[in-house]
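Asker: Structure provided below as structure tokens; questions to follow.
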Amino acid sequence: MTNVYKSALLTLILAVPALASAQPSVTKSNTQRTTATIQAIDATTRMVTLKTKDGEEDSFRAGPEMTRFSELKVGDTVDITYVESIVMRVRKPGETATATSGDAAVTRGTGSTPGGTMAAQVNTTVTVKALDPAVPSITVLTESGRTVTRKVEDKKNLEGVKVGDQVQITYTQALAVSVESAK
């Protein structure tokens with residue numbers, strides 16, 4: 001599992017509601033949507049410059065998996081939806097879990113304009129090493145043997161969690177992009 005995923009997992013664990021024993025699992029998700037207009041296209045480098053309604057500009061490289069790159073035109077509108085979610089639950093003693101992670105799955109759109117989705121999911125388990133309700137903070141041991149301590153936003157997030165608990169975490173990211181031709 002990459003450090004980016006581990007960092008995201010541990011960051012998100014802090015914002016999730018309590019992992020109380022009475023709750024077998026906790027889910028938190030975040031969805032962000034934006035619309036941008038293509039300002040420039042460099043066919044040689046496959047770079048596309050987008051500008052949001054707020055005037056923010058950024059450039060992105062379209063990888064080879066974007067087979068309909070040549071159909072993009074300056075002035076096209078790009079709708080982007082980014083979703084991330086995390087599901088956590090305290091595992092029962094003796095319950096086994098496997099850590100999995102994979103490459104992002106890409107699904108190409110089938111419409112008349114370019115588009116598609118990309119999604120990736122990581123499953124991991126951390127072991128609670130220490131809790132400090134006064135700060136509040138939690139220290140966990142990752143599957144790779146790293147010890148990480150993070151401050152917890154809400155003290156209630158520590159209710160029902162004890163040292164030695166194993167917390168199963170499933171972290172999912174998805175990105176959906178669709179293009180509407182300029183009129």
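Asker: G55 versus (1) over 30 Å from K162 (Cα atoms); (2) surrounded by 14 or more Cβ atoms within 10 Å (Cβ to Cβ); (3) at pLDDT 90 or above; (4) more than 20 Å from the chain's Cα centre (by Cα): which is the lone unmet condition?
Answerer: Going through the list (1) over 30 Å from K162 (Cα atoms); (2) surrounded by 14 or more Cβ atoms within 10 Å (Cβ to Cβ); (3) at pLDDT 90 or above; (4) more than 20 Å from the chain's Cα centre (by Cα), G55 breaks only (2).
Asker: Which condition breaks for R61 when tested against (1) modelled with pLDDT of 90 or more; (2) buried (at least 16 other Cβ atoms within 10 Å of the Cβ); (3) farther than 30 Å from K155 by Cα?
Answerer: (2)
Asker: Does I41 satisfy the criteria of being over 30 Å from V167 (Cα atoms) and either at pLDDT 95 or above or small (G, A, S) (or both)? Lay out the reasoning, then the answer.
Answerer: Values: over 30 Å from V167 (Cα atoms): yes; either at pLDDT 95 or above or small (G, A, S) (or both): yes.
So I41 passes the test.
Asker: Considering the range 69-83 alone, what residues qualify as being farther than 11 Å from L50 by Cα and either small (G, A, S) or modelled with pLDDT under 90 (or both)?
Answerer: S70 - this is the single residue of the range 69-83 that is farther than 11 Å from L50 by Cα and either small (G, A, S) or modelled with pLDDT under 90 (or both).
Asker: Need the failing condition index for D165 against (1) charged (D, E, K, R); (2) crowded, with 16+ Cβ neighbours inside 10 Å; (3) under 21 Å from E84 (Cα atoms), just the number.
Answerer: Here D165 clears every test but (3).
Asker: If you don't mind, there's one more thing I want to ask. Tally time: how many residues in the range 115-134 are surrounded by fewer than 13 Cβ atoms within 10 Å (Cβ to Cβ) and touching a strand residue (DSSP E or B) at 6+ places or on another chain (Cβ under 9 Å)?
Answerer: The total comes to 1.
Asker: Here is a further query. Just one of the numbered conditions (1) exposed (fewer than 14 other Cβ atoms within 10 Å of the Cβ); (2) out of contact with any Asp or Glu (no Cβ under 7 Å at 6 or more places or on another chain); (3) more than 16 Å from S181 (Cβ to Cβ) is not true of K73; which one?
Answerer: Result: K73 fails condition (3) only.
Asker: Quick one: which residue in S112, S181, S137, S144 is exposed (fewer than 13 other Cβ atoms within 10 Å of the Cβ), over 21 Å from the mean Cα position of the chain (by Cα) and of a type in the set (S, T, N, Q)? Outline the logic, then answer.
Answerer: On the way: S181 fails: exposed (fewer than 13 other Cβ atoms within 10 Å of the Cβ); S137 fails: exposed (fewer than 13 other Cβ atoms within 10 Å of the Cβ); S144 fails: over 21 Å from the mean Cα position of the chain (by Cα).
It is S112.
Asker: A follow-up question, please. Residues that are small (G, A, S): which strands (runs of 3 or more DSSP E) entirely in the range 131-183 hold 2 or more of them? If you could, list the steps in order and put the result at the bottom.
Answerer: Values: elements: 137-141, 147-151, 166-180.
It comes to 166-180.
Asker: Continuing with this model, one more query. Can you tell me how many residues in the range 151-162 are crowded, with 16+ Cβ neighbours inside 10 Å and not hydrophobic (A, V, I, L, M, F, W, C)? Reasoning before the result, please.
Answerer: Within the range 151-162, the subset crowded, with 16+ Cβ neighbours inside 10 Å is 152, 157-158, 161.
Then keep just the ones that are not hydrophobic (A, V, I, L, M, F, W, C); that gives 157.
Count: 1.
Asker: So, in the range 96-109, of the ones that are among the β-branched types (V, I, T) and at pLDDT below 75, which residue ends up surrounded by the fewest Cβ atoms within 10 Å (Cβ to Cβ)? First the steps, then the outcome.
Answerer: Just the residues of the range 96-109 that are among the β-branched types (V, I, T), to begin with: 96, 98, 100, 106-107.
Filter once more, so that each one left must be at pLDDT below 75: 96, 98, 100.
Numbers: T96: 6, T98: 8, T100: 11.
Ranking the candidates gives T96 first.
The values are calculated or read from the model by the stated rules, or taken from the named source; none is laboratory data. Small disclaimer: the values here were computed from a predicted structure and weren't measured. With ideal geometry, Cβ positions are generated from the backbone for all residues, glycine too; neighbour counts draw on all protein chains shown.
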